[in-house]
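Here is the structure we will look at, set down as structure tokens.
The values are calculated or read from the model by the stated rules, or taken from the named source; none is laboratory data. Since this is a predicted model, take the numbers as computed values, not measurements. FYI the Cβ positions are ideal-geometry reconstructions off the backbone, even for glycines, and counts take in every protein chain you see.
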């Protein structure tokens, strides 16, 4: 069976730590230099702007291969950064603000086409078959700007791949079971929310790389946890959240 490779979560966490450290160091240096009069006011306003923060976050997401959210953040940051660099006035905003929607639409369309290519490639070994549907216990969910709910009714759950952008996903696994020693849910979520219903007796291992996001397991854990089978939840979250309930 073919496998879908993900970046190393430990490398992502180290990268996030480096970026956060550099942001604090840069902010502190700029504030100190501004207070001492060593940094010109126009340079201070550019570096310490919210537009620059979006650009940095966008570049960070691109480095981690989270292309959709990376291009979106970078586009918004650069768009609002142009007047500050060129001196264009309010008329520039009034005229060209629809460009943001055009670029976001193009990015989402490219992601959609990329998903279809991967779907066709996996179709031969029956791993990925159809959006929002399961095939022999494997679930593939791809949703943007919407909401989807899925209940796995197959007797054995064999894994899932969830792609979510500006959307919400609900996946219910309470009517199925684990057979393999390790089963994975691979998640790539940007500006979205994912709700997972998982039996309290399942053993869950979280390997999620987060950027301004969070994961929370709200299940009532029982004493008879099945340690012979492991459910690994892995992937990338950007401005998103995962909530696990039983």
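Within segment 185-199, count every residue that is closer than 17 Å to residue 219 by Cα and not in a strand (DSSP E or B).
Number of matching residues: 2.
Restrict the check to segment 181-196 and report whether at least one residue is farther than 21 Å from residue 208 by Cβ, surrounded by fewer than 21 Cβ atoms within 10 Å (Cβ to Cβ) and either out of contact with any strand residue (DSSP E or B) (no Cβ under 8 Å at 6 or more places or on another chain) or assigned by TED's automatic domain parsing to the domain that holds residue 237 (or both).
Scanning segment 181-196 turns up no residue that is farther than 21 Å from residue 208 by Cβ, surrounded by fewer than 21 Cβ atoms within 10 Å (Cβ to Cβ) and either out of contact with any strand residue (DSSP E or B) (no Cβ under 8 Å at 6 or more places or on another chain) or assigned by TED's automatic domain parsing to the domain that holds residue 237 (or both).
Within segment 230-244, can you find the residues that are within 20 Å of the chain's Cα centre (by Cα) and either outside any strand (DSSP E or B) or more than 27 Å from residue 71 (Cβ to Cβ) (or both)?
231, 232, 239, 240, 243, 244
Would you pick out the residues in segment 213-229 that are outside any loop (DSSP other than H, G, I, E, B) and either modelled with pLDDT under 85 or surrounded by 15 or more Cβ atoms within 10 Å (Cβ to Cβ) (or both)?
Passing the criteria: 214, 215, 217, 229.
For residue 112, are the conditions met, namely being modelled with pLDDT under 75, touching a strand residue (DSSP E or B) at 6+ places or on another chain (Cβ under 9 Å) and not in a helix (DSSP H, G or I)?
no
With respect to residue 210, is the statement that it is part of a strand (DSSP E or B), touching a strand residue (DSSP E or B) at 6+ places or on another chain (Cβ under 7 Å) and at pLDDT below 85 true?
For residue 210, the condition - part of a strand (DSSP E or B), touching a strand residue (DSSP E or B) at 6+ places or on another chain (Cβ under 7 Å) and at pLDDT below 85 - is met.
I'm trying to understand the selection: among the residues of segment 153-168, which are under 26 Å from the mean Cα position of the chain (by Cα) and modelled with pLDDT of 90 or more?
157, 158, 159, 160, 161, 162
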